[in-house]
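First the structure, in the form of structure tokens, and then the observations on it.
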Amino acid sequence: MRMTPMENAYHPTGSLNGKTALVTGSTSGIGLGIARAFAAAGARLVLNGLGPADEMEHLRAKLEEEHGTHVIYSDADMSNPASIERMVTEARDAFGRIDILVNNAGIQHVAPLESFPVDKWDLILAINLSSAFHTTRLALASMRENGWGRIINVASAHGLVASPYKSAYVAAKHAIVGLTKVTALETAEQGITCNAICPGYVYTPLVEAQIEGQAKAHNLPRERVVRDVLLAQQPNKTFATVEQMGAIAVFLASEGAASITGAALAADGGWTAH
Ligand code: NAD
């Protein structure tokens, strides 16, 4: 198993100058990787995620300082439509526009269907799917006014294929691929694109928790869990990096990607090529 080190990712300086990006769940993992890549490309940012207020402020200020761009933070809870509405209003009040929306916030729970906790099902559907419906319906007015917009939904290889014990996650991710296509069709004539990124395993805190859980459950060493359990379906046997996800998002937000819409872009080391 190879762990890919920091990449020379594609964040062309200035390519997103003057653009405002809202990235949900951007205080950790893939969302933070995308937020960093956008900031490096010159975008103003709305950061969002859950965590202690002082840590969130530290992260916001650091991004702003490192990239010389304007960053605001919203503590909106993606399981709560009223909270999502407040976040979108705050973003428009601060920047006057939303050009790029990344629906990334997501959680996972693993259990057989019969014992899958009903409250976890509801929460996963709310955060991983319904939040994207709410942000999209609320952000579209700004994009239509400007005749330009980019919506990027962070789905998963599990938006294209299934694995056992992940009923809510797989259902939500398949559904967000469907939402991506509908959004693309409804906006295609207004300079707006909507695409889904479908990553295989990306090394983040969410994945680290799964490695620890599986190692304990199967009493296996960590290396075996990574290769034989997590990356069993991923032919390149390599975790992707959050920097790579940032690079893909910057590309999808660029002018070069203007004709890509309604796509579910696999970034899965060959998983869905099986
Ligand atoms: P992560 O746990 O590192 O980050 C999740 C982010 O979402 C955090 O910022 C967290 O604060 C935020 N969040 C969680 N619940 C929230 C809520 N109710 N309201 C607002 N924010 C909330 O996870 P990650 O691995 O970076 O995953 C990000 C996205 O990528 C998810 O949608 C996940 O399904 C998807 N994904 C991850 C992988 C992977 O291998 N890591 C693979 C495919 C898809």
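Readers should treat all values here as calculations from the given coordinates under stated rules, not as data from a laboratory. Small disclaimer: the values here were computed from a predicted structure and weren't measured. Please note: Cβ atoms are built from the backbone with ideal geometry, for glycine as well, and neighbour counts cover all protein chains shown.
Points to keep in mind about this one:
- Ordering of 33-39, 178-184 by packing [mean C-beta count within 10 Å, highest first]: 33-39, 178-184
- Lys, Arg +1 and Asp, Glu -1 on Cβ, resulting dipole of the chain about Cα centre, debye, nearest 20: 600 debye
- Cα long-axis angle, helix 131-146 against the chain (0 to 90 degrees, to the nearest 10): 30 degrees
- A Gaussian network model of the chain, with springs between Cα atoms under 10 Å, assigns the largest mean-square fluctuation among 203, 169, 73 to 203.
- Each Cα pair under 8 Å and six or more residues apart adds its sequence gap; the mean of these over the residue count of the chain is a relative contact order of 23 percent.
- Cut-off under 5 Å, modelled amide H: who pairs with residue 193 long-range: 149, 150, 151
- Angle between the chain longest axis and helix 242-253 axis [Cα atoms, degrees, rounded to 10]: 40 degrees
- Degrees separating the helix 81-95 axis from the principal Cα axis of the chain, which is the longest one: 40 degrees
- Mean-position separation - Cα centroids, the range 154-180 and the range 12-80, in angstrom: 25 Å
- Translational diffusion coefficient (Stokes-Einstein; Kirkwood radius from C-alpha pairs) of the range 1-90 at 10 °C, 1.306 mPa s, in µm²/s: 116 µm²/s
- Ellipticity at 222 nm from helices only: DSSP H runs of n ≥ 4 in the chain, each -39500 (n - 2.57), divided by the residue count, give -13500 deg cm²/dmol.
- The phi torsions of the range 192-203, fed into the Karplus equation with coefficients 6.51, -1.76 and 1.60 and a -60° offset, translate into couplings of 10, 10, 9, 9, 10, 9, 10, x, x, 7, 10, 6 Hz, rounded to whole numbers, with Gly and Pro shown as x.
- Taking 7 Å steps out from each Cα toward its Cβ at residue 188 and residue 238 produces label points 3.5 nm apart.
- Compared with the direct C-alpha span, the chain from residue 137 to residue 259 gains 41.8 nm at full extension, assuming 0.36 nm per residue.
- The listed peptides 44-57, 212-225, 149-162, ordered by packing as a protection proxy, come out as 149-162, 44-57, 212-225 (highest mean of other Cβ atoms within 10 Å first).
- One decimal place: the segment residue 219-residue 62 gains 52.5 nm when fully extended, by the rule 0.36 nm per residue minus the C-alpha distance.
- R0 of 22 Å, Cβ-Cβ distance residue 116-residue 163: FRET efficiency to nearest 0.05: 0.95
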